[in-house]
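To start, the structure under review is shown below, and the notes come after it.
The values are calculated or read from the model by the stated rules, or taken from the named source; none is laboratory data. Worth saying up front: this structure is predicted, and the values here are computed from it rather than measured. We place every Cβ from the backbone using ideal geometry, glycine too, and count neighbours over all the protein chains shown. Heavy atoms of the whole protein, side chains included, go into the accessibility calculation; ligands, DNA and RNA do not. Shrake-Rupley method; radii C 1.70, N 1.55, O 1.52, S 1.80 Å.
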Amino acid sequence: MEQRGLTLVHTGDGKGKTTAALGLALRAWGDGLRVLILQFIKGSQATGEARAIAALEPVPGLGRISLRTCGCGFTRRDQSPEQQARHRAAAAATLAEAEAAIRSGKWDMLILDEINYAVKFGLLDIKQVLALLDLRDSVAPALHLVLTGRDAAPELLARAELVTEMRLVKHPYQQGIQAQRGIEF
């Protein structure tokens with residue numbers, strides 16, 4: 001059976017976009033695929049997913065999985081110009097790393113975690129993201145691309161073969177409960 005790379009988008013205001021992408025990564029790894037996860041926004045804070053992936057030992061017959069945290073932490077619109085420039089530079093470097101990963105032929109699945117936030121906050125332009133999809137189509141058509149984050153651009157939704165929207169029904173934050181280790185990070 002010929003393998004065709006899919007573009008999957010996890011978006012919406014509900015929780016679970018990154019979690020769903022990590023579930024796909026684990027499934028793909030277990031099925032022998034080579035998976036690279038690039039996190040566009042998350043900074044140097046240690047997360048459960050980073051520790052878990054680092055602990056996965058090579059097993060014959062299983063794939064390879066790597067997670068790289070490339071961002072400067074969460075961004076806001078009211079940050080100083082210097083902070084915004086730092087975030088833009090990190091997003092540009094992460095985009096370049098994604099392009100290199102696509103060209104390398106070393107990966108079967110590339111997860112671009114929170115790339116939609118990078119577009120939403122003006123760190124990247126949607127045209128750059130669509131060019132990444134074009135690059136995949138031309139040089140690595142079997143590569144699966146997974147893009148996460150709220151407010152995915154309509155142009156991206158139109159290009160994707162699968163779009164899942166997480167919808168917020170109820171969240172602990174609404175009850176004054178802070179982020180919990182193992183749930184939010």
Exercise. Over every pair of different alpha-carbon atoms in the chain, take the mean of 1/r and invert it; report that Kirkwood radius in Å.
Key: 16.9 Å
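Would you mind counting up the charge near Leu132? Only other residues with Cβ under 15 Å from its Cβ, with Lys and Arg at +1 and Asp and Glu at -1.
On the way: positive: Arg103, Lys127, Arg136, Arg159; negative: Glu97, Glu99, Asp113, Glu114, Asp125, Asp134, Asp137, Glu155.
Charge balance near Leu132 sits at -4.
In square angstrom, what is the accessible area per residue of the stretch 93-137 with a 1.4 angstrom probe? Don't skip to the end; give the middle numbers.
Values: 1690 Å² over 45 residues.
Heavy-atom SASA per residue in the stretch 93-137 reads 38 Å².
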Practice problem: Mind scanning Lys17/Lys170; Lys17/Lys120; Lys15/Lys106; Lys17/Lys127 and naming the pairs with a C-alpha gap bigger than 19 Å? | Solution: Lys15/Lys106; Lys17/Lys127
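Which of the GluC sites (Glu not before Pro) found in the stretch 89-168 are in a DSSP loop and have at most 13 neighbouring Cβ atoms, other than their own, within 10 Å? Display every interim value, and only then the final one.
Numbers: sites: Glu97, Glu99, Glu114, Glu155, Glu161, Glu165; in loops: Glu114, Glu161.
When the GluC sites (Glu not before Pro) of the stretch 89-168 are filtered for loop state and at most 13 Cβ neighbours within 10 Å, Glu161 remain.
Let me check I've understood the local charge: for Ile41, count other residues with C-beta under 9 angstrom from its C-beta, Lys and Arg +1, Asp and Glu -1. What total comes out?
Values: positive: Lys42; negative: Asp113, Glu114.
After counting each charged neighbour, the total is -1.
Based on DSSP H runs of at least 4 residues, each adding -39500 (n - 2.57), what is the mean residue ellipticity at 222 nm of the chain after dividing by all its residues, to the nearest 500 deg cm²/dmol? Numbers along the way, then the final one.
Values: 6 runs with 72 residues, N = 185.
Result for the chain: -12000 deg cm²/dmol, rounded to the nearest 500.
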Quiz item: Hey, any idea what % of the chain's accessible area is carbon plus sulfur with a 1.4 Å probe?
Solution: 54 percent
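Please give me the summed charge of the neighbours of Val9: other residues whose Cβ is under 13 Å from its Cβ, Lys and Arg +1, Asp and Glu -1.
Details: positive: Lys17, Arg150, Arg159; negative: Asp113, Glu114, Asp151, Glu155, Glu161, Glu165.
Net charge around Val9: -3.
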Quiz item: Rounded to the nearest 20 Debye, what is the dipole magnitude of the stretch 27-154 about its Cα centre when Lys and Arg each give +1 and Asp and Glu each give -1 at the C-beta?
Solution: 160 debye
